[in-house]
Amino acid sequence: MTARHDGRRPQPPTASMSGASSAPRRRFVSLGWQAVVAVALTLLLSNGFIAFRVYRNAAEQFDLARAERRGQSAETLRYLFAADDAGLFALANAIPLFSPDDSAEAFTDRLSRALGEQGSMLSIDWDVLAVHWISAAGDVRLSWPASARVPVSDLQSVLCPEGTCLEPRQTVLCADGRCRQYFMVPVLWRGEARGQLVLERSIAEALLTSRDVLRADIVLLGTGREAASGLPPVSAMTGGERTQTLLDAFPAELLQNLVTPSFEGAAEGVLIASGSRWYDVYRVDRLGFSGGALVIEDVTEARQAIQHATRDGAVLGFAALLVSAGGILVLLSRPLRRVRRLSASLPMLAERHYDEVRQRIDGPRASRWAEDELDLLSTSALQLTNRMQELEIERERSAERIAWLASYDTLTRLLNRSRFMEEFQAVLRRARRNDQDGALLFIDLDRFKEVNDLSGHHAGDQLLAAVADTLQATLSEQELLSRIGGDEFAIALPRSTRDEACSRARQVIAALAALEVGTAELSHRCSVSIGVSLFRDGGHEAEEHLMRAEVAMYEARRQGPGRLHVYSQSDGLTGELRDRAAIRQRIADALENERFRLFFQPIVSIASGALHHHEVLVRLEEADGTLVPPGDFIPLAEETGLIEAVDRWVIREAIAALAKNADWRLSVNLSARSVAQYGVLADIPEMLAEASVDARRLVLEITETTAMLSLPSATALMTRLLEDGFCFAMDDFGSGYASYAYLRRLPFQQVKIDGAFVVGLKDSPSDAVFIRSITEMAHSLGKEVVAEYVEDEAIYRKLAELGVDYAQGYFLGRPLPVPAMGPWPPGISA
């Protein structure tokens, strides 16, 4: 790529492009038309045969799959109804035990009181709508609630006459558009038949559960005269009007075999088309009551899959014939040579050899009487080369811009807080090493909010920029200046005594007092309050001095505008500063007293359902046992520099866990500070060696943003550790600005897709496209893909369709203090 010397974006060479664009338009003759005479007949016969075979095979597979599905659905439906029935029968047998007695009247009274006191629990826990006590003579002696009515006449066929029946029974009755299940249990006491206990429950819950499990609509069939359509009377159904419309549209002759129950309880299915949809309809019997049920399952996608398979078969047949057509090779020998040259040239684009690519590509020649596809391809390749060179130049500019933004404030062009704290920490180390004085000035604009409120944010920005320029003009070579945030600035003064620092602060106050911004109607003069923290009076951490200077600034402001104050031990912390100091102290105490705790979350192979490894997560345990989530202390630990100590503790404990459990494999997150400063990373091989743990059992997770911001150093360090057997995972991929080139250059073995793209996967086609693209790209580079935030089965199944290798989330397991060992995946329905 051409080097830049004057700061302007270089223009890529355009000689080849201009020659291509200025050539006159010629007739276009496709290579397909040149080959059609030689292969037309063979193509027609072979492609038709292949398409026919593909269709037959797909249709047979569809029939086999539907037969298996019908059997599974029948067993599942019976299980669901049987599970509910068994529970209600057991409950019905238990209710009389609430109040046994020798007297029938006393038994009824006690049962009434027991139901009045605890009957509500039947509705809450068992969905029981009513309870009826029917004497041995058939009289209704008790109904709960009092408004409930039992259809004794309709239940005569299943009620035990005079208490002679000793077995529980149940039935389903429908009236007024509602269906109820009735569970009848005979009650015997001291050898005497007391009567029968009848529990009434809505059948809607069982139907809805069956619909959700089978993912199909259920129609309960009653007994009696058959309807005109050939079906027995319908007792209840799911799907409402949609299901009723389907039933009305079903041809009677196709439903004839659904009227009589089969020996196995599930008739051969009837495949019925309704509009643009296809449905598999089959009957299930032996559900615990007469009538049975119809299952109506939408199989449109499976039918469409047959059509797609047929189409794909034809496409594959066409491609196979093209490859086998030997005669076409003679005609295309010269174009194929051009293709090979073009193919050999295009990979050079990845190495940025743009000029050499232009020289190797054969552009369209004016001497040829017609153009073909290769001419168009060559023209496109030249255009692509030019565009990629432009994009490379733009990328370099963007990288420079990103690097600048990581260190500087966009409005004032001063050092931002993060970069300032790094350099200020270095100043403190030098001052301590050389036993030198120094001070930090914390500058805050007085009444800055009034400027924004009265003259608008534009005036406020003007004031901030003017303050930055004024401070920059007064800055000496050794001093550091930064916009800490909002209307706050900081100046580090190396080798400055107390008197010199105060004099410098007064100089700043005087210089800024001369500033004036605003509109023609209203102007604002600048006034600042300054807090001073002396190096010798404070600790050795930049964050501590900044906090002390901020406290001193508040004290100066309390005295009035345009004042300064030097921090002393008598100054107290207030408000947010006290909270920050408390959290920082809690982190330090937790490190000293070993109050951090490891939690483990499983990462499971989607293809096999086997556990692959666990991710290690950290929690801070308070003195009272309360667990603090990482979001409450990790950001402050990063700001104060304590994050390295936290990372070191987590890695040490993770390695200790690996040493105790030879079959474990763990992954650990590394902070940006640990990656950038090498200290923690450099010690990991030694910690592993001391514990006799194989490095391949430890996965180091680095966020995409961290890797990109320190790309050269990260690449060198990771490559060195890779030789020792370490495995690296790029965490939160997609949340930042990593590209294919970065993913190719960095030695990651795993890519963890950012959870924001996974949680919306069910409802967002664009997220599905993104995940599929990332997965295919990672697989092409030999890398594995992990998806986080897998919260339910639907997301899990969708990830399997997209080819993702591993899954992690609450659906598979929450973080626990002891690693879960499966089985996985839980809760997957048949």
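The values are calculated or read from the model by the stated rules, or taken from the named source; none is laboratory data. The structure presented is a predicted model; accordingly, all values stated were derived computationally and were not measured. All Cβ positions, glycine included, derive from the backbone under ideal geometry; neighbour counts span all protein chains shown. When the accessible area is computed, the model is the full protein with side chains, heavy atoms only, and any ligands, DNA or RNA have been set aside. Shrake-Rupley method; radii C 1.70, N 1.55, O 1.52, S 1.80 Å.
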V804 being assigned to a loop (DSSP other than H, G, I, E, B), in contact (Cβ under 8 Å) with a residue 40 or more places away in the chain and open to solvent by 30 Å² or more (accessible area, probe 1.4 Å)
no
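Restricting to region 495-515, name every residue that is touching a Leu at 6+ places or on another chain (Cβ under 9 Å) and either open to solvent by 30 Å² or more (accessible area, probe 1.4 Å) or among the aliphatic types (A, V, I, L, M) (or both).
T497, R498, E500, A501, A505, R506, V508, I509, A511, L512, L515
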For L142, only one of the following conditions fails: (1) at pLDDT 70 or above; (2) in a helix (DSSP H, G or I); (3) closer than 22 Å to V172 by Cα. What is its number?
(2)
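Each row is one residue, and each column tells you yes or no for (1) under 15 Å from F489 (Cβ atoms); (2) open to solvent by 20 Å² or more (accessible area, probe 1.4 Å); (3) not hydroxyl-bearing (S, T, Y).
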{"site": "L411", "(1), (2), (3)": "yes, yes, yes"}
{"site": "L414", "(1), (2), (3)": "yes, no, yes"}
{"site": "F420", "(1), (2), (3)": "yes, no, yes"}
{"site": "N434", "(1), (2), (3)": "no, yes, yes"}
{"site": "K449", "(1), (2), (3)": "no, yes, yes"}
{"site": "A459", "(1), (2), (3)": "no, no, yes"}
Where in region 455-529 are the strands (runs of 3 or more DSSP E), entirely inside, with at least 1 residues that are over 24 Å from Q436 (Cβ atoms) and of a type in the set (G, A, S)?
480-485, 516-518, 523-525
I795, sole failed condition from (1) out of contact with any Leu (no Cβ under 7 Å at 6 or more places or on another chain); (2) closer than 24 Å to F599 by Cβ; (3) assigned to a helix (DSSP H, G or I)
(1)
Selection count, region 207-236, where residues are open to solvent by 50 Å² or more (accessible area, probe 1.4 Å), at pLDDT 75 or above and not hydroxyl-bearing (S, T, Y)
5
(1) under 42 Å from the mean Cα position of the chain (by Cα); (2) at pLDDT 90 or above: which one isn't true of N593, the others all being true?
(2)
For the condition modelled with pLDDT under 75, open to solvent by less than 80 Å² (accessible area, probe 1.4 Å) and assigned to a helix (DSSP H, G or I), what is the one hit in A148, A137, A74, A83?
A83
Since G813 meets every condition but one in (1) open to solvent by less than 50 Å² (accessible area, probe 1.4 Å); (2) part of a helix (DSSP H, G or I), which condition does it not meet?
(2)
Restricting to region 472-506, and then to whatever is of a type in the set (A, V, I, L, M, F, W, C) and without any contact (Cβ under 8 Å) to a residue 40 or more places away in the chain, can you tell me which residue is nearest to D461 (Cα to Cα)?
A473
Right, V451: part of a helix (DSSP H, G or I), farther than 22 Å from A473 by Cα and over 40 Å from the mean Cα position of the chain (by Cα) or not?
yes
Of those in region 776-801 that are of a type in the set (K, R) and open to solvent by 60 Å² or more (accessible area, probe 1.4 Å), the residue farthest from I606 (Cα to Cα) is K798
Among the residues of region 559-566, is any at pLDDT 85 or above and assigned to a helix (DSSP H, G or I)?
yes
Look through region 416-437, keep the residues that are in contact with a helix residue (DSSP H, G or I) (Cβ under 7 Å, 6 or more places away or on another chain) and under 19 Å from Q472 (Cα atoms), and return whichever of them is modelled with the highest pLDDT.
F424
